[in-house]
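A short worksheet on the structure shown next.
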Number of protein chains: 2
Amino acid sequence: MNSRRDFLQKLTLSAITLPLLPGSLKPLNLPEENPEPYQGKVLRVAILGLGSYGTRVADAMQTCKRAKLVGAISGTPTKLKEWQTKYNIPAKNCYSYDNFDQIKNNKDIDAVYVITPNGLHRDQVIRVAKAGKHAICEKPMAINAQQGQQMIDACQAANVRLLVGYRMHFEPKTLEVIRMRQAGEFGKIKFFQGLSGFTIGDPKQWRLNKELAGGGAMMDIGIYSINGARYMVGEEPVWVTAQETKTDPVKFKEGVDETILFQMGFPSGAVASCLSTYSMNGLDKFYLNGEKGFAEMQPSTGYGPIKGQTHKGELNQPHITHQTVQMDEMAAIIFDNKKPEVPVDGQEGLRDLKIIDAIFLAAKTGKKVELKA
Amino acid sequence: MNSRRDFLQKLTLSAITLPLLPGSLKPLNLPEENPEPYQGKVLRVAILGLGSYGTRVADAMQTCKRAKLVGAISGTPTKLKEWQTKYNIPAKNCYSYDNFDQIKNNKDIDAVYVITPNGLHRDQVIRVAKAGKHAICEKPMAINAQQGQQMIDACQAANVRLLVGYRMHFEPKTLEVIRMRQAGEFGKIKFFQGLSGFTIGDPKQWRLNKELAGGGAMMDIGIYSINGARYMVGEEPVWVTAQETKTDPVKFKEGVDETILFQMGFPSGAVASCLSTYSMNGLDKFYLNGEKGFAEMQPSTGYGPIKGQTHKGELNQPHITHQTVQMDEMAAIIFDNKKPEVPVDGQEGLRDLKIIDAIFLAAKTGKKVELKA
């Protein structure tokens, strides 16, 4: 980072941003005027699944203060070799899918971040728990609520933490909207709209395989609108309705959803109208309507800078690499029992899965599905 | 208009706008470099219903070239007096609701524009038709499809035209988006989103009276999303689903809808997700998503300037008073049999009513309702 950008970022932070951030959220990886080296306990993480998102997390973790990438688990020995070099990971902290239960005996690893196809999460997280390590699991936590509950039970039995990779729960602009909502700045919330989608490519990828993905667009991208509706509205839905359409039955086979419109009702009377799709370009849009104001974000959940505005003007909180903040904050959650503004625990993951189960049922039966609040 | 604005408007028109407008749409009431006085036949119109929207139309008609306000029909004698003075209407062209059938004998009136509560449209339009005058009817055309069909039949039997007040069908930015869609500039259309609503005030107004309004928000404002979905997507829906919520049962009595989320499916596989509400602020938003691009408009249907952009940039067609252009174009439709880009005839009004009937049924039963394409 050159000095001008450095200066601008500091200026933004000190002059504008920090006063707006909730106390719990002070990002740990941002440049500070007089940075003091972090002296506390560091969460030593192994990543399980070295694909493109695993690599993104590994890269982001290079600037973490409280979390450190120290291990890797993969079925591909060449990938493990590559990561050893690239991320300076000792060979003794590398495992295969066959032998990673031995991580139990490795005192240099505290947690395993499972970043594999959705259909593998349940069994892998349960193995991590049984090895006595904290489990961090990419979202969706599993492919249905039953599996999610099994994971929660296993982690509880093993006395380890289970966290789900909800990076948006640490994103400053998102948190500012949540703060405004909690402060009543939007008044009574009336409506949420979430549009989540993109055009998926290669028909042979695991995301289009029912066993591995547990579905199609909904599991992968629609979940952002579900989770977003919950943290933007600040309530749990009590009903869902859904309409599924399929224009490409070759790419989207039985059980792999292409496009689902879904609606949710909340106890206050607020409603949400959402779209999940694998066949439309560039949909990453949230809109929150309240009696006194609004918020809109676009992109609302992408990796790059989130952009948004409210009735009070543009959201100008700084962009920080989501996964860097997430991992530092997760270290604080695990070691300091820090309570994040929006939960990232197993129960949070399970709520989304229950809603997804209900959406699939509503889409199939054409009927409204009631949910427990 | 001062000369600077005059200049800017001319500049905008000659340099930017006219090449983008479809041939059929050259607005008749815009300043021209060398305006030639209009020599042709003028549509002489009486307005039936002198309320706030009637007044808006009357004001807008003052700058029409091909249409002229010449008569008024009202149940309130003082209003008729007022209009005679304000709009220079001869007393002989003024009627009451009791005696306006006598308009049959008035050779100075060609058409009657019915701008009364929805529940009165059917009978009034049929009386206009029986008096041998062309009928222009504000939207919704009636309070259900059955009534709409009766109006079409009556006008056909009387050999008069029946037009519905779809002012957006003549709006330049709207027409530019339609032109782009027809030219394939958005590629295959995938998704339309329409948000239409506002917070309604006085609970005693006719818009919240089932008999007079035929419903609530859907008839009044939701119809914009229905009609907009049709002209933006360019297809007729083949199914609808709908979810109704009511948070204020005092203001919104039985049969008067407060908030309805509704979805539509089109033969191509495109889907629409819409919101109609009387209990949220400032919702007037269209979004069209295609394989190659998008359009978004906000406000999308308000009386003031429509604002919007596409993947190619901002829509910069000029704002022209909607009702002025509408009435000039309707004169051309009636006298020259001009075909507007998007129809404004009775069949067009009937299509919206059939969809509204289906939405109400879907909201009531919770079931998908199939429509004939």
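The values are calculated or read from the model by the stated rules, or taken from the named source; none is laboratory data. A quick note: this is a predicted structure, and the numbers were derived from the prediction, not measured. Virtual Cβ from ideal backbone geometry, glycine too; neighbours counted across all protein chains shown. To get the accessible areas, we keep the full protein, side chains included, count just its heavy atoms, and leave off ligands, DNA and RNA. Shrake-Rupley method; radii C 1.70, N 1.55, O 1.52, S 1.80 Å.
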Cα-based radius of gyration of segment B:125-248 once divided by 2.2 N^0.38 Å, which approximates compact folds:
1.25
Any idea how far apart residue B:292 and residue B:339 come out in nm if each label point goes 7 Å out from Cα toward Cβ?
2.4
Just how many % of Cα pairs in the protein assembly as shown lie over 52 Å apart, if you round to the nearest whole percent?
23
Amide H neighbours of residue B:253 under 5 Å, counting only residues 5+ apart in sequence or on other chains, H built in-plane at 1.01 Å?
none
Let me understand segment A:105-181 better: what is its radius of gyration from the alpha carbons, and its Dmax, in angstrom?
14.1, 46
Which net charge results when you count Lys and Arg as +1 and Asp and Glu as -1 among the other residues whose beta-carbon is under 9 Å from that of residue A:45?
+1
Relative contact order for chain B: what is it in percent, counting Cα pairs under 8 Å that are at least 6 residues apart?
20
Taking the axis of the rotation relating chain B to chain A, the B residue whose Cβ comes closest, together with that distance in whole Å, is B:273, 3
What is the local net charge at residue B:270, summed over the other residues whose Cβ is closer than 10 Å to its Cβ (Lys, Arg +1; Asp, Glu -1)?
+1
With every protein chain left in place and a probe of 1.4 Å, what is the accessible surface of residue B:315, to the nearest 10 Å²?
10
Residue B:82 versus residue A:212: modelled label distance in nm, points set 7 Å from Cα along the beta carbon direction
7.1
State which helices in chain B qualify, where a helix is a whole DSSP H run, it must extend 18 Å or more along its own axis by its Cα atoms, and its mean Kyte-Doolittle hydropathy must be at least -1.0.
B:118-130, B:145-158, B:322-336, B:346-365
Per-residue mean of C-beta atoms belonging to partner chains within 10 Å, peptide B:189-200
3
In segment B:243-323, GluC sites (Glu not before Pro) in a DSSP loop with at most 11 other beta-carbon atoms within 10 Å
B:254
Shortest-first nm distances, residue B:98 label point to equivalent points in other copies (7 Å, Cα→Cβ):
10.0
So how far apart, in nm, are the two label points at residue A:56 and residue B:367 if each is 7 Å from Cα heading toward Cβ?
4.4
Of the accessible area of the protein assembly as shown, computed with a 1.4 Å probe and all protein chains kept, carbon and sulfur make up a percent value of 51
Sites matching trypsin sites (Lys or Arg not before Pro) across segment B:64-109 that sit in DSSP coil, with at most 11 neighbouring C-beta atoms within 10 Å
B:107
Return the FRET efficiency for the residue pair residue A:319, residue B:104: r is the Cβ-Cβ distance, R0 is 51 Å, and the value is rounded to the nearest 0.05.
0.15
Looking at the square roots a ≥ b ≥ c of the eigenvalues of the Cα gyration tensor of segment B:198-265, which shape do they give, rounded for a/c under 1.5, prolate if a/b is larger than b/c, or oblate?
prolate
Reported to the nearest 10 Å², residue B:108 has, with a 1.4 Å probe, an accessible area equal to 60
Which value, in Å² rounded to 10, gives the accessible area of residue A:161 with a 1.4 Å probe and all protein chains present?
70
Would you kindly work out, in nm and rounded to one decimal, the distances from the label point of residue B:36 to those of the same position in each other copy, ordered shortest first, with label points 7 Å along Cα-to-Cβ?
8.4
May I have the pair-distance distribution P(r) for chain B, computed from all Cα-Cα distances with 10 Å bins from 0 and rounded to whole percent?
5, 23, 32, 27, 11, 1
Nearest 500 deg cm²/dmol is fine: what mean residue ellipticity at 222 nm does chain A get from its DSSP H runs of n ≥ 4 alone, each adding -39,500 (n - 2.57), divided by its residue count?
-9500 deg cm²/dmol
Within segment A:235-332, chymotrypsin sites (Phe, Trp or Tyr not before Pro) in DSSP loop having at most 16 other beta-carbon neighbours inside 10 Å
A:303
For segment B:267-282, residues shielded by at least 50 square angstrom of accessible area compared with the chain on its own, probe 1.4 Å:
B:271, B:280, B:281
Compute the separation of the alpha-carbon centres of segment A:207-246 and segment B:295-373 and state it in Å as a whole number.
32
Output row A,B: buried area (accessible, probe 1.4 Å, summed both chains) in Å², nearest hundred, equals 2400
Express as a percent, rounded to the nearest 5, the fraction of DSSP beta bridges in the protein assembly as shown (both residues included) that run antiparallel.
55
Any of B:292/B:367; B:251/B:372; A:139/A:364; A:292/B:367 with alpha carbons more than 25 Å apart? Name them for me.
B:292/B:367; B:251/B:372; A:292/B:367
Tell me, what is the per residue accessible area of the protein assembly as shown in Å², probe radius 1.4 Å?
41
